[in-house]
Structures are given as C-alpha cells and as structure tokens.
1. Which residue out of LEU188, LEU239, LEU234, LEU230 is open to solvent by less than 50 Å² (accessible area, probe 1.4 Å) and hydrophobic (A, V, I, L, M, F, W, C)?
2. Suppose the filter is at pLDDT below 50, open to solvent by less than 60 Å² (accessible area, probe 1.4 Å) and of a type outside the set (Ser, Thr, Tyr); does ALA723 pass it?
3. Search the range 548-578 for residues being among the small types (Gly, Ala, Ser) and closer than 30 Å to VAL465 by Cα, and hand back the single one that is least open to solvent (accessible area, probe 1.4 Å).
4. Those residues that are open to solvent by less than 40 Å² (accessible area, probe 1.4 Å), of a type outside the set (Val, Ile, Thr) and more than 26 Å from SER423 (Cα to Cα), I need them from the range 308-324; list them, please.
5. Only one of (1) open to solvent by 50 Å² or more (accessible area, probe 1.4 Å); (2) farther than 30 Å from LEU115 by Cβ is not met by ALA270, so which one is it?
6. Return the residue satisfying two criteria in turn: it lies in the range 168-179 and is open to solvent by less than 50 Å² (accessible area, probe 1.4 Å) and either in a loop (DSSP other than H, G, I, E, B) or in contact with a Pro (Cβ under 9 Å, 6 or more places away or on another chain) (or both), and of such residues it is nearest to VAL797 (Cα to Cα).
7. Give the range 785-823 a look and list any residue that's more than 20 Å from HIS883 (Cα to Cα), surrounded by fewer than 19 Cβ atoms within 10 Å (Cβ to Cβ) and of a type in the set (A, V, I, L, M), or say none.
8. I need the full set of residues from the range 536-547 which are in contact with a Lys or Arg (Cβ under 6 Å, 6 or more places away or on another chain) and open to solvent by less than 60 Å² (accessible area, probe 1.4 Å), in order please.
Amino acid sequence: MTALSSHTREHGRDRDQSFKVAAFLQVRLQVKKTGWFTWINGWPLSRAMAHRIAGIGVLLTAAGVAAAQIAGPFPMVPTTGTKPVAPNGYTLHETIDAGGHIVNTTGSGAMYNTLVNIQSGPRVLGETFELHALPGTQHTLVDSLSAFSNGFGGDPNNFAKLDFFKGKLYDFSAMFRRHRDYFDYDLLGNPNIPSGQSIPIGPSNAPTGSLALPQVNQSPFLANTVRRMLDTSLTVFPLSKVTYRVGYSQNLVQGPGLSPGDSVISSIGANSQIYQEYVRNNTDDFFAEIDWKPVQDTRLTFEEVVDHIKINSYLTLAQSNFLVQEGNGSLAAPGGWDSYTPYGISSCNTASMGSGYTNATTYTILSPPQTPGGLPIINPACNVATNYLRSQPTRILYPTEIFRLQSSSIKNIAMNGNVRYTSANLNLANYYENFQGLDGTIRSETFTGNASARRNVTALDYGIVWDAASTVHFSEQIDYSNAQQPGAANISKGITANTPATAGNETINYSGPLTPGTVTVEGSPNGAPLPAFFGQKFLTNDLGATWDGWSRATLSLTYRYRMQKIAQGFPRNTPLPVGETTNGTVTIHGNGGIFNAALRPSTRWDINGSVEVLYNDNAFTPVSPREMQRYRIHTIYRPRPWATVSGVFNDLERHNNTNNNQSDVATGHVTYAGPIDHVDHSRLVSVGAALFPKGHYGLDFNYGYSDVYTSTNICYNAQASAAFPGAASPSGTACPGATVRGTTYYEFGPVKDFMSAPTQYGTVALSFSPTESIHSNIGYTISSVSGSRFFNDARDVNGSLVSTWQSPFVSVAWAVRRAWIWKAEYNFYGYGEGGPSGAPFCSTTNPTPLSPAPVVACDSPALAGQTGLTISPAGFTAPRNFHANNLTLGMHYEF
C-alpha cells in the first residue's frame, strides 16, 4: 500500500509538472508584454492569421484551465515588470530586438519597391524564446521548446518558427512566412508609345481642347501580391523501429496586379485594354509517412502526398482605362493602350454618329465635359468598353504515392531509390468571359465553357554503390519518368447581343430590341469538346567509377545516357510527320560523360572540379541544346588559421546547329533559310578572401564576373509605319525565299538575335571592435551590368542591361551592459541605368524580297520619329533610377 501511494504521488507530481509547463506557455503567450508575440498588440493581422492565433489561444487556454483545476494555483506566472521565471526543471532564455526603419527615397518609388521595399516605421526586428529541460529532469511535457520570429510590423519578408520535442516520443516543427512581392519594372511589356498623344475635343477641324492619352508609365505586368506560407510537421517515435510523420502546408497568394490585353489576340473587344487582375491562388498540401527499419542500416518508407490547388483569380477592366464617359454619365474605356496611332474615327460607326460626323476629315468624337473637371463625353457610336469580367476557377487534386528504400546493410553495398505514382485531376468547371460596351454592332459578348484533364505520372529513381575495394567504387543511377496528360476543352462560341446594322442604330445607347449573334475565336471548339494530349518520357542512366587510392586525390568518371520522348496531339505514338508541328512524337537521345577530380595538394589547400559533356541527336525547340559542356573548378586555400582564400570558375556552354526550317526544306515547301546556329553560355569567375588576424578587426572581400550570352539566327517582321518609319534593322537583306505578308509586312534577315549581360560584382566589408562592448562594420557592395541585345523595335532601350546597383553600409552595436545592446545600421541603395541606347540602324521604307530597304543610323535626323538613341535612357516610360537612405535603429535585450 505504501509503494502504491508513493507511485501515485510521484505520478501526480509528474502530471502536475506537465500541466504547469502547459499553463506557463499559455500565460506567456497571452499576457507577456515583451515576449514571443509582442507584435500582436500593434500589428494588423489578416483574418486567416487571426483565426490561427485565436485557435492556438483557445487550445492553450484550455490547457491552462485544466492545469488550474488539477494542479491548483500556478506560482511561477511572472507579473508585469518582473523577470520571467522558468518552470521547475527548465532553463528559460528570451531575447527581443525592437526598433524600426527611417527611410528617405528619391527617384522611382516603383523601382525601389521592386528591389528593396523596406518602408519607415516601428518593427519587431527579431525575437526568440527557448525553454530547455535541465539534465536529469524526467516526465516533462517537452524536453525543448524554441520559437523565433523576425520582421513583423511591416517588413516585406517575415517569419515565425516553432519547434518542440519530447525525447523518443515526438518532434514537432512549424513555420509561418509572409512575403510581399512587389514588381513594377516599367520597361517590361511597355509598348514604347511617346507622350503627347491626344484625342481632339470638339470638331476635328476646329477642336476646343484635347484629351491627353496617358503614357504607359508602369509595367502592364505589375504585381503587388502577398504570399503567406505555413508549414507544419509532426514526427512520432522518431528513434523507434517504426516512425510516423504527418504534415500540412499551405501557400496562399493574393493581391492586385495588372495583365495586358492585345487587340490582335484578345478574344473580346475591339480595342486592347489593360486588365486589373485580382489574384487569389492557394495550395493545401498534406503528407503522411511511415518509416520502417527492419534491420540495421535499412529503412523502408511509404509516403502519401496530396496537393490541392485552387485558382480563383479573375480579371476586370483597370481603372486607368476609363478616360471618357457616355452621355448618361457612365464611365467608358476607349482602349488602344498599346497602339501607336491615337484613337480615331476608324473606331466609330460613322453612319450612326448623327451630327458628330460630316465627312472623313470633319467629325466630333469627344464633346466637352458637362461639369468642370469631368470627363469628356464620347459619341455613343464609337467603340468603348464599359465592363469586362473573366473568371476561370480551376481545381487540381494531385495525390502521389511514394515508396522509398535506403539500405547499406549488405557489406560493401549502399543503395537508395524510390517509386512514385501520381493520378491527378485538373478541372475548370465554369469558364466565363463577358464584355459590355460597343464593338461595331456588338453590345455584349459572352463566352462560357469548361475544360478538364488528367495527369498520370509514373517515376522511378534507383542508385547503387559497390565498394569493390577500399580504393575503388562503382555506381549506377537510373532515373525514369513517364507523364501522360490527356484533356479536353469545351468552350462555346461567343454569344453576342447586337444592335441592328442599320444607320442610326449602331450606338451604345440604342434602346430597341437587340439581335442575337455569335462570334468564333481562334482555337474555340465551337460547342464540341476539343481533345488534346501531352506526354513526356525521360530515361537517364549514369554509370560511374571512383578511385581514391591516393591521399591527395580522388578521381571519378561517369558515362551518361539520356532519352527524352515528347508527344503532342493525335496520333501520339508515331514520329512527327515532316513539315508538321503537332500530332506526333519527337525523340531525343543523348550521350555524354562526367569527370570529377578532388585534389588535396596540402593540408591547407583543396581543389575540386568537374568536366561534363553531352550530345543530343535532336532538339525540340530552336534554343534547346544539342551540344552541352560544363566546366567547374572550386578551390579553398588557408595559408594561416586566420586567413581563407577561395576561388570559383563555372562555365556552361550550349549549342544547337540544326536548321530553322529543316522539315519544310525537306518537303520543298520553302527554300533553305540557313542554320539556327544557336549559342548560349553562362560563365562565372569569382575570388574572395576572409582575413581575421585578430579578434578586434577583420576584412572580407569578394569579386565576381559573370557573362550571360545567347544568340540565334532569326527572321522577323519589319514594318515601316506612316507615323514612324523605324523598324530596327542591322541589315537590308531579306531572308531567302521570304514572302510578302499582307501589303506591308516582310520577313527580314537572316540576322543574329542576341542578348549579352556581362556583370561585375564586388563587395568589401571591414569589421572593427575597439573594445569588448563596441562592434562595427563598414562595407560596400556594387553590381554593374554593361550588356546589349538585338532590337526589333527602334524605340526600345537597353534598360537594366546597362545598369549599376550599389549599396554602401555601416553598422554599430554597443553593449550598454550584459544582455542589453543598442544597434544602428545605415544602408544606401542606389540604382541607375546607363546612357542612350537602342538599335544602331533603322529602315526608312518597306522592304521587298528583291529590293532591300535602305537603312540609316537610328540617331539620324533623317528619321521622322524618336528612337532609343535620341531619347532618355528610360525610354518612352517613367525613369527607373532611384537613391534611398535607410537607417535602422534597434535595441537587443536578453532575459
């Protein structure tokens, strides 16, 4: 009876201790003013994040209530203003870094936000919480718990991480990350339309004013999204023969953005518009895993992974499109944001303009606004968009079963491998696209439909290493993947509501009965499901041998065979017919080798490098490599214990010497147009050193040079417009066999389309600590690009290909006393683009195959329009240069 009572009392104490720890954590999370989640009080939470934190609070509150009921009062709860006290049997350590940023920016705010995006304001710069059981402490709820956070309060990137474990019982990890991704590089997708374009207000022959068409000063691919990522993992019995793991991850992306529309390829509307895109896409990923270790050094694993993807983004008209209004006051978008020719009479139904149209030179498109500061009123017979919506909610369920093997139980044999199978469903249940406004006689236009696909993937990876002798090893690695994706789309013809095609009726305010109609878009299955198929098969086999019989060298040689088979359309089991681009297969065989060497000339000097070559007998695209070489060398030298010198050389060379119309030439459809001669390379050289001869000072510097280059023979369409005869051309020779496209388009060339981006990078940092309580750093970082490229638009400029990014910095930390440190850091950010740049030569007339167009220098006064060589380095858009002074002040405190 005594022994039983003793055991009961001991068990009760253990149970009480566990509940005390739980209650302690609950109180620390809820009431501590300078702890783990200090930022909650002042930082605006999203609804989803608030729900998660509230859920945690409910669970921990329940644990605290249970502790209070079972264990009675909890004496270790710290009161406000007192030093936190750890539970019995634990050590507690906490830190907090609080402060903020002071930011001053001049120049392009959009470019600053794209590259830096650090704003002024208070921040929780960092926070840690660590709870560890003392040696000998038993029957605890957790053996160790740690939590870290950084950047909350407004920084573009922040995270919080929680880890805790209990000996051989469980191990839990969770991380939350939040990234704000802002992008507005205004040269991307910009149509290069000069400023000063306008539409006359009033009669065309005697206007009373004009409506200035806004210059496109932002990228039509602008994005301002927030990505929230949550990852959790729980391992049960981590050291047992059978281990269980479960986990959940979520990735949510949401926020506004822009998406360009093109009147040539857009399915709806007469004139191109810029669309406002509302992004909301998320993935939910679940995994469950069982590890079995039947014998020593062997592990068998089965894992089930389920990915669920939801795409809920939709498009509407961007507010910047609404430049005019109708007579009834409703806003309207004339469109044409990417057109060099201003909105004109060709966009109106002249027979229905009434008194607004007299003849081809006398007309009134816009009338003065009815109220001061209002928008001009557009003639109701002119094309506009008043509303647009495109919605295509897509759901993807992606389950994958994985079986893994890892074993070194057999003497001199080590192997690992896995088998994966996926059977995914992709479903677009309701496609909807609707335009409202006026497009000729069309008042509204709607597309509906659905699409679905399946994706089946079978994959296998297996590797084995045989130690044939103490210095000789053989290996083989096999990778196989077979993906098949059949699908079908069923998109209706465009259903339209039309005004009667008679004079006077073709207006947006026509109130009579509308006539139903249809319109067909290229690629539409017109009400019948359109089947499609894509498949791809990979097989790679690496056979290798390694020799390490010398203490100063290890050498290995690998032979690689690779097969890739791509199938599209129907049929999909026969080679692609000559002259066709779909409905067949393309097979590529590759053979190559890899040589690796690790050298140790001395105990202080290590060198390792490799040479890899691969040759393919075919290519799927003009820029797919048929020949590939990679050279890599890395070295580290330590002449003194306090000095380290390193160097890296990496060179990737890829070539494709096939013909750009090989199949058409073989059938005699067109004449020979020359080889593609595609070449690209990426070369990197860097050297660096870290010198810390004494603890009070040290120097760290690095220099790097990279050269990224690509070029391909091409033909391109050249057109000299009446407004600006300036299609860029480095040559006046037409492609052999080129044919006229329409009346003004011709294929030009052959020319070398290229892009070169040689970049130099350097950084130097000096650390200095005059006393034990003061630490400082000063340094400078610079990256400079001096590149160029081929221009097929005479108005374009090099942009970031000729630019410099630099950032000097200095930081100081002063330990006022133990566990209390003041910090200050200054960063200067500067971005600038180079001088005038653009195409060197421009054509002034339309060429013909037999009469090449004469060319002149693109900065010649003979040209009627401006070019990249005669305008600012920013091109026909807003400047991108900026300078920013960022000061970060903070205090580090430990308790």
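The values are calculated or read from the model by the stated rules, or taken from the named source; none is laboratory data. Treat the numbers as computed from the prediction; the structure is a model and nothing was measured. Cβ: placed from backbone, ideal geometry, glycine included. Neighbour counts: every protein chain shown. Heavy atoms of the whole protein, side chains included, go into the accessibility calculation; ligands, DNA and RNA do not. Shrake-Rupley method; radii C 1.70, N 1.55, O 1.52, S 1.80 Å.
1. LEU230
2. Judged against the criteria, ALA723 is a match.
3. Per the criteria, the residue is ALA553.
4. Hits for the range 308-324 are LEU315, LEU317, ALA318, ASN321, PHE322, LEU323.
5. (1)
6. This residue is ARG178.
7. Of everything in the range 785-823, those that are more than 20 Å from HIS883 (Cα to Cα), surrounded by fewer than 19 Cβ atoms within 10 Å (Cβ to Cβ) and of a type in the set (A, V, I, L, M) turn out to be VAL812, ALA813, ALA815, VAL816, ALA819.
8. THR540, ASP542
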